[in-house]
Every structure is written in C-alpha cells, then in structure tokens.
Amino acid sequence: MKHISRAALPDGPTVLVVGATGFLGAKVLQGVAEQANVAVRAMSRRAKVEPGWVQADLMDPASLDAALVGVDVVITSANGYMKETLAADFAGNRNLIDAAVRAGVKRFVFLSVVACDQAPDVPHFHAKHVTEDLIRASGIPYVFLRAPAFLDQADDYLAKGLKKGRFYGVGDRDLRWSYVLTDDLAKCLAQAATHRDPEILGKTIDISWSDGPLSQRELAGIVAKATTKAASLWIVPWWILQLAVRPVRLFSDLGYDLLQMFLFFRSGQFVADTTLQSRFFGQPPSARDAVARWATREGLND
Ligand SMILES: NC(=O)c1ccc[n+]([C@@H]2O[C@H](COP(=O)([O-])OP(=O)(O)OC[C@H]3O[C@@H](n4cnc5c(N)ncnc54)[C@H](OP(=O)(O)O)[C@@H]3O)[C@@H](O)[C@H]2O)c1
C-alpha cells in the first residue's frame, strides 16, 4: 500500500459527483451543492444542458480525463449492477481511479458496502472490495463509506408493501443486520468530500443507526409505531432463496447477485460498526428517528 498524503484541500475545492443522476447520487449532489465555498460538478453519461454538469462514461477513459480537469475531490456512488451490468463496478471504477491519479485528485470518496471484504460470492460486494483495494494501492488519499441495507430504495418495495398491509422481508424474522436511510448516508458522503479533519483520510467508515442491527421483526415493530399502516410479515424463507440460486443464475445476473447477497446476510456479518461514524459525522440517528422521517416522506402516516 502506498503512503497516504494528508495534503489539505484548497480553499473552495472542486468536487466531482460521479453517479449524480442516481437515486442516492442525486441526494449526494444536493448535499455537496449545499456546502459553502465548494464548486460542484456533476457527472452523467447523458448530455445535460444545465451548468455544472459534465458528460462522461466510466467505460471511456478519455471522457474521464476531460471530466476531471481541475477536480480536487471525486465522490462516487455510481454502479451498473442494478440496471445494466457489473462492468461499471469493476472496469469503470478502475478507469475512474486511473484517471483520478492522472488528474492529481486530492481525495477520493468511495461508497462501498458493509463487510464487502467478507463476501467474495456476492458479485457486487466483491466489486466494492476490489475497488477499495485499487484505491488504496493508487496512493490517492481516500475515505470509504460502507453502507448496510437501504431502508428506502428507488423502487420502494417496503413502502409499497406497507400500503397493502404487508411488510416484505427475506430469510427469517429474528436474524439481525444493519440498515441506513439514504438521506443520512448522502449527508455523510457529502461531508466526507470536504471534511477538514485530516484524520478522516485512509478511514473505512460504516454508516448506520445508533441502536445497532435489527431483525425484521424488530424493524416491522418500529415501522408499525411510526406509521398508521397495520402490516403482517411476509418473509421469503432462506430455503427458497437457496433453492432459487442455481436456476436464477441461468437467466438473471442481477437476480443471482441479489440472492447471493441475501444468503450472505444469513452469515450474521452484515453488521455496521458506527464508532467512526460517530467520530467524524456525529451521533448516528436512531432507527426510530430514521424510520419516522422515511414514513413521513413516503406518506405512510397520513
Ligand atoms: N440498495 C442498497 O440497499 C444498497 C446498500 C449498500 C450500498 N448500496 C450502493 O448504493 C449505491 C446506489 O446508488 P444510486 O441509488 O444512486 O444508484 P442508481 O440510482 O442505480 O444510479 C446509478 C448511477 O450510476 C451512474 N452510472 C452507471 N454506469 C455508469 C457509467 N458507465 N458511467 C458513468 N456513470 C454511470 C448512472 O449515471 P448515468 O446513467 O446518468 O450515466 C447513475 O447516476 C450503489 O453504489 C450501491 O452499490 C446500495
């Protein structure tokens, strides 16, 4: 591993948000844009006419070189595995790191996943682990934020299920893993981009809730208190997930990836340690607080 430089960011740094059109990425962009004395640049493959946007593709190194001119900080939550392929998550991230080295970027903030180094059989977790290793080896000062399961998704199956009186889950009622609300994760990512404490560099920071991991029974209980929706637990059991892995692999890379991820949850290792989160971003929200804000946003307590 190369020595990590603790060089300070310049006054008024330029921050490039990669993945800025995404569900989480758009919130990160907003969080960076709200900061004083920061020039923000947003990246997408799609042409955008608004000022501040740059058109570039993780699979096209020349476009990345152009996007990175004058950039001090790169922050990325871009991914391809959910809607396309894993190419962006492996080769695309490698291209971005190489371009960041060429451009002399001073800080690289990478959104990773809790315990990704423990999950070589989950393709998109493995991509995060490989990318972390590449960033470490590059010598660019970095901050890794590792997210657990999102409470809210772009297509919010939990909110939709609750509106039908169902709390959808996987595995079993009692095994615990960690969660985060994307609004809170995005704020931490934005803060990491310009955090003034040099001690944050080189850190791998799990982001979650103050009261630790939760079982789906516990989460459903907190959700029930925060909403006006009565819901019954609808859990797809482990054995069905296990049985589905081989056939699903034949026709869906994403389906296989997600099944492998759920089966990894069963190991009990998908648990965030929020010690560094508290140190650099303040006290994490409680599950009750995060769920209440999500419920209000989704109109679940109307
Ligand atoms: N869902 C969960 O529970 C969970 C848990 C832990 C971590 N995560 C992580 O959270 C992140 C989710 O982010 P999100 O919600 O913003 O994702 P998203 O809505 O799927 O958006 C994907 C973003 O990646 C960009 N992208 C994809 N391929 C690209 C390429 N070749 N070149 C440039 N940009 C490319 C897209 O930009 P354009 O299409 O505009 O080019 C878009 O902005 C991911 O990193 C995921 O691994 C998710």
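Taking region 56-87, which residues are polar (S, T, N, Q) and either in contact (Cβ under 8 Å) with a residue 60 or more places away in the chain or over 25 Å from residue 10 (Cα atoms) (or both)? Full working, then the answer.
Residues of region 56-87 that are polar (S, T, N, Q), as a first pass: 63, 76-77, 79, 85.
Those that are polar (S, T, N, Q) and either in contact (Cβ under 8 Å) with a residue 60 or more places away in the chain or over 25 Å from residue 10 (Cα atoms) (or both): 77, 79, 85.
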Discussion item. Which count do you get for residues in region 222-232 that are assigned to a helix (DSSP H, G or I) and surrounded by 14 or more Cβ atoms within 10 Å (Cβ to Cβ)?
Written reply: 4
Worksheet item: Among the residues of region 184-203, which ones are open to solvent by 20 Å² or more (accessible area, probe 1.4 Å) and either in a loop (DSSP other than H, G, I, E, B) or touching a Lys or Arg at 6+ places or on another chain (Cβ under 6 Å) (or both)?
Response: 195, 196, 197, 198, 202
Fill in: Selection status of residue 90, farther than 27 Å from residue 8 by Cα, open to solvent by 50 Å² or more (accessible area, probe 1.4 Å) and among the hydrophobic types (A, V, I, L, M, F, W, C)
yes
Worksheet, complete the sentence: Of the residues in region 122-166, those that are away from the ligand (no atom under 15 Å from the Cβ), part of a helix (DSSP H, G or I) and in contact (Cβ under 8 Å) with a residue 60 or more places away in the chain come to 136, 137, 138, 161, 162, 163
Worksheet, complete the sentence: Of the conditions (1) surrounded by fewer than 19 Cβ atoms within 10 Å (Cβ to Cβ); (2) of a type outside the set (S, T, N, Q); (3) within 15 Å of the ligand (Cβ to nearest atom), the single one that residue 174 does not satisfy is (3)
Worksheet item: Among (1) over 24 Å from residue 132 (Cβ atoms); (2) away from the ligand (no atom under 11 Å from the Cβ), which single condition is residue 46 missing?
Response: (2)
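Mind telling me which of the residues 32, 38, 28 ends up being in contact with a helix residue (DSSP H, G or I) (Cβ under 7 Å, 6 or more places away or on another chain), within 13 Å of the ligand (Cβ to nearest atom) and aliphatic (A, V, I, L, M)?
Details: 32 fails: within 13 Å of the ligand (Cβ to nearest atom); 38 fails: within 13 Å of the ligand (Cβ to nearest atom).
Going through 32, 38, 28 in turn, the sole match is 28.
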Item to complete: Please name all residue pairs, on different chains or six or more residues apart, with Cβ atoms under 6 Å, provided the first residue is in region 265-291 and is within 17 Å of residue 112 (Cα to Cα) and the second residue is among the small types (Gly, Ala, Ser).
Response: 269/115; 270/115; 271/178; 272/178; 272/208; 274/208
Practice prompt. Quick one: count up the residues across region 233-252 that are surrounded by fewer than 12 Cβ atoms within 10 Å (Cβ to Cβ) and among the aromatic types (Phe, Trp, Tyr).
Written response: 2
Worksheet item: For residue 179, are the conditions met, namely being modelled with pLDDT of 95 or more, within 16 Å of the ligand (Cβ to nearest atom) and not aliphatic (A, V, I, L, M)?
Response: yes
Response to the item:
Listed by range, strands (runs of 3 or more DSSP E) wholly within region 25-79 having at least 3 residues that are open to solvent by less than 40 Å² (accessible area, probe 1.4 Å) are 39-44, 73-76
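The values are calculated or read from the model by the stated rules, or taken from the named source; none is laboratory data. Not measured: the values here are computed from a predicted model. All Cβ positions, glycine included, derive from the backbone under ideal geometry; neighbour counts span all protein chains shown. These area figures cover heavy atoms from the full protein model, side chains too; ligands, DNA and RNA do not enter into them. Shrake-Rupley method; radii C 1.70, N 1.55, O 1.52, S 1.80 Å.
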